[in-house]
Amino acid sequence: MVSKNVLRKLSDAELERYFIPGNRFTPEAVEAAFEILTERGRLFSESEKIFIREMILAKKQQDETRTNQEKEVWKDYITTDPSAIKLYSRNTILIISLVFGTIPGSILLFLNLVTVKRYTAAALTLLIGFGFFFLQQYILSTAPHDGRFNTKYNLEIGILALGAVLLLVMSVVAMPKKLAYQAKSPILPIVLSVLSIIMYILFKESLSGYPIMSVFRLLGSF
């Protein structure tokens, strides 16, 4: 967001720099500089006005193109084309990671990366998934907190969310761009989720922060 009050503090010569071809100022800044100079009595020729208007329009188009490209990077290209490669969807991986932890989420992403032959990224994904599980336990055992449930729970959820987001970023960066694929069967994600529940039963204290564990605590209160 451009502040006109800030630009008003600049001299005419400094504002003129906003019209230099190839400058990196935003279209809003260029437009504001033009308006301020006009208010100060600067007379622009018709050709200068056309040049500045075209510059502002070009910058806005560049910003729009850049925004669309960024959206395309994060878009999930799921298709019904039977000839397309089969992968676990990005949303499935994210939800599994948030609810059941980074380990099952990283396993699904690992299988995706192996399918597209990104082996180094696949290995790194497993390290992230398992590493965040142990990092969570380490931080919870060493970080100072007041011992209340809410404080501990929020800390656990924060670490868990960070791990899930990191897996999402890993998927965006490591997977081929704009790859159209069929969503794989949810059978394996369901199996991994069931295994996560079994892990909860065996390691209640270690996994107390996972959202699914709140459901168990709620059921146990009845």
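Report, by residue number, each residue of the stretch 67-98 that is over 17 Å from the mean Cα position of the chain (by Cα) and buried (at least 19 other Cβ atoms within 10 Å of the Cβ).
If the condition is that a residue be over 17 Å from the mean Cα position of the chain (by Cα) and buried (at least 19 other Cβ atoms within 10 Å of the Cβ), then 87, 88 are the ones that fit.
Quick check on residue 56: is it more than 16 Å from residue 191 (Cα to Cα) and in a helix (DSSP H, G or I)?
yes
Residues of the stretch 109-125 being out of contact with any strand residue (DSSP E or B) (no Cβ under 9 Å at 6 or more places or on another chain) and over 13 Å from residue 166 (Cβ atoms), which ones?
Passing the criteria: 110, 113, 114, 117, 118, 119, 120, 122, 123.
Tell me, please, whether a residue that is of a type outside the set (D, E, K, R), at pLDDT below 70, touching an Asp or Glu at 6+ places or on another chain (Cβ under 7 Å) and on the phi < 0 side of the Ramachandran plot can be found in the stretch 144-165.
No; the residues of the stretch 144-165 include none that is of a type outside the set (D, E, K, R), at pLDDT below 70, touching an Asp or Glu at 6+ places or on another chain (Cβ under 7 Å) and on the phi < 0 side of the Ramachandran plot.
Return the total of residues in the stretch 75-102 being in a loop (DSSP other than H, G, I, E, B) and closer than 27 Å to residue 197 by Cβ.
Residues meeting the conditions: 4.
Looking at (1) modelled with pLDDT of 85 or more; (2) over 18 Å from residue 191 (Cβ atoms); (3) touching a helix residue (DSSP H, G or I) at 6+ places or on another chain (Cβ under 7 Å), which is the one condition that is false for residue 93?
So the condition that residue 93 fails would be (2).
In this structure, does residue 48 turn out to be under 26 Å from the mean Cα position of the chain (by Cα) and either among the charged types (D, E, K, R) or in the same structural domain as residue 157 (by TED's automatic domain parsing) (or both)?
Against the criterion (under 26 Å from the mean Cα position of the chain (by Cα) and either among the charged types (D, E, K, R) or in the same structural domain as residue 157 (by TED's automatic domain parsing) (or both)), residue 48 does not qualify.
Just to check your reading of the model, which residue among 32, 121, 84 is out of contact with any Asp or Glu (no Cβ under 8 Å at 6 or more places or on another chain) and within 30 Å of residue 13 (Cα to Cα)?
Sole residue among the options that is out of contact with any Asp or Glu (no Cβ under 8 Å at 6 or more places or on another chain) and within 30 Å of residue 13 (Cα to Cα): 32.
The values are calculated or read from the model by the stated rules, or taken from the named source; none is laboratory data. All values reported here derive from a predicted model rather than from experimental measurement. Backbone-built Cβ (ideal geometry, glycine too); neighbour counts: all protein chains shown.
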